[in-house]
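What follows draws every value from the coordinates through simple rules; no lab data is involved. What you are looking at is a predicted structure, and each value in this text was computed from that prediction instead of being measured. Here Cβ is always computed from backbone atoms with ideal geometry, including for glycine, and neighbour counts include all displayed protein chains.
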Amino acid sequence: MAPSPKSTPEANANSNNDGKYPDVNWEEMGFSLTPTDYMYVMKCSIGEKFSQGSLIPYGNIELSPCSGILNYGQGLFEGLKAYRKEDGRILLFRPEQNALRMKAGAERLCMPSPSIEQFVGAVKQTVLANERWVPPFEKGSMYLRPLLMGSGPSLGLGPAPEYTFLIYASPVGSYHKRSLNLVVEEKQHRASSGGTGGIKTVANYSPVLNALSRAKAQGFSEVLFLDAATGKYIDEASACNIFSVKGNSISTPPTHGTILPGITRKSIIEIAGTLGYQVEERPVAIDELLDADEAFCTGTAVVVTSIGSVTHQGRRIDYKTQADTVCQKLHEILTGIQMGRLADTKGWMVEVN
Ligand SMILES: *Cc1c(COP(=O)(O)O)cnc(C)c1O
């Protein structure tokens, strides 16, 4: 997009950080790590509460070889974005939702967690310390990655004696993949009832790499997992939620344990309801998805992305994508709110200052 002479977002944005943008080609940034200046670190012992964290230069951390995270996967991650508005101000999208989700995950994994205020405050401090890395208006966003882990040593199986909460940041591109081609995984499952599919534990992700690598080797972009109990219902992709559209009705599986309660998912359900769609959170059979008009995935990284095709038992179904899709409409509104192009009538955006 050529800068218009009247509106000069770069100039405005520059005035917000003294013109000190780093030497980055914003246009070519994808979703990969660009290390920034500072990270936030806060520690506490088991049985205590997190109290005081600090910003330190971004870099490697030291861990006991016997730490809970390295030995038993006692760890959680989060992901959220900060956006620069046209006037240079920086906004976060529903950060308290990430804080609440980390708190729920921490309870499940027997870890202390920062309070909602501590979490949001720490995210803001991390953004401000790395402000020059927040891309200019509409050139991308700053991805924040909070981690919570058992950092103390524990050889016998049990909760670690010490915990570390850490946040690092990376600018990421505003790339919009045209559509995803999913393949249904027939043998492996992502999560089962009573397990940890509903929390963002690090331990949920290495088990999907095998299916994901096989899918990519065959030219697919993502894997679609089915429910572990019957193999008849759709669960989600490896790191995003899924929606099925038929006529005026939009359906997505309920978050009763195996599905990660995505904040994008929740926001899209609200937006779609406001637009007059009939939105249902209920089990969605794979056969129903194969018969849908349209399908899309949601998540902080993918935002709202059309599914171009789903391949199940060798049969490929193609869906409507791009112009005039429900997905496109929802994408327009969600990103409009996030970038500050549309009024934030729901009170979702939190200013960093
Ligand atoms: C993070 C994640 C999502 C999306 O959650 P958002 O809050 O929308 O980013 C969906 N599924 C899985 C498995 C995830 O890890």
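Residues Glu131, Glu96, Glu236, Glu27, ranked from the fewest to the most other C-beta atoms within 10 Å, line up as Glu27, Glu96, Glu131, Glu236.
Give me the percent of DSSP beta bridges within the chain that run antiparallel, rounded to the nearest 5.
Around 85 percent of the beta bridges assigned by DSSP in the chain are antiparallel ones.
Peptides 38-47, 161-170, ordered by how many other C-beta atoms sit within 10 Å of their residues on average, highest first, read 161-170, 38-47. In this simple spin-label approximation, Asn248 and Gln322 carry label points 7 Å from Cα along the Cα→Cβ vector, and these lie 2.9 nm apart. Isolated cysteines in the chain, defined as those with no second cysteine Cβ under 4.7 Å, comprise Cys44, Cys66, Cys110, Cys327. The alpha-carbon of Lys216 sits under 13 angstrom from the alpha-carbons of these aspartates and glutamates, leaving out residues fewer than 8 places away in its chain: Glu185. The listed peptides 217-223, 81-87, 302-308, ordered by packing as a protection proxy, come out as 302-308, 81-87, 217-223 (highest mean of other Cβ atoms within 10 Å first).
Fewest-first ordering of Val24, Val208, Val127 by other beta carbons within 10 Å of each residue's beta carbon gives Val24, Val208, Val127. When each of Phe31, Phe119 is scored by the number of other beta-carbon atoms lying within 10 Å, the sequence from fewest to most is Phe31, Phe119. Looking at the square roots a ≥ b ≥ c of the eigenvalues of the Cα gyration tensor of the chain, which shape do they give, rounded for a/c under 1.5, prolate if a/b is larger than b/c, or oblate? The shape class here is oblate. In straight-distance terms, cross-link reach from Lys187 covers every one of the aspartates and glutamates whose alpha-carbon lies under 12 Å from its own, apart from those fewer than eight places away in the same chain; here that gives Asp227.
Taking label points 7 Å from Cα along the Cα-to-Cβ direction, Val24 and Ile116 give a separation of 3.0 nm. Applying 0.36 nm per residue to the separation of Gln52 and Glu288 and subtracting their alpha-carbon distance, the gain on full extension is 79.9 nm. If both residues of a DSSP beta bridge must be in region 180-338, then about 65% of such bridges are antiparallel. Using the rule -39500 (n - 2.57) for each DSSP H run of four or more residues, divided by the residues of the chain, the 222 nm mean residue ellipticity is -7000 deg cm²/dmol.
For a paramagnetic label modelled on Ser45 (point 7 Å from Cα along Cα→Cβ), amide N atoms under 19 Å away belong, within region 134-173, to 149-156, 158-165.
A simple count of charges around Arg341, restricted to other residues whose Cβ falls under 13 Å of its Cβ and scoring Lys, Arg +1 and Asp, Glu -1, yields -3. Filter the cross-link list Lys81/Lys346; Lys200/Lys346; Lys103/Lys177 down to pairs whose alpha-carbon distance in this structure exceeds 21 Å. Table pairs above 21 Å Cα-Cα are Lys200/Lys346; Lys103/Lys177. Can you give me the C-alpha center-to-center distance between region 288-302 and region 171-205, rounded to a whole angstrom? After rounding, the separation between the Cα centres reads 13 Å. When only the Cβ of Lys, Arg, Asp and Glu is charged (+1, +1, -1, -1), the dipole of region 180-338 relative to its Cα centre reaches about 380 debye. Ranking Tyr168, Met39, Ser115 by how far each Cα lies toward the positive end of the dipole of region 9-172 (charges on Cβ) leaves Ser115 at the top. Here the calculated FRET efficiency for Tyr205 and Thr34, from their Cβ-Cβ distance with R0 = 22 Å, stands at 0.55, rounded to the nearest 0.05.
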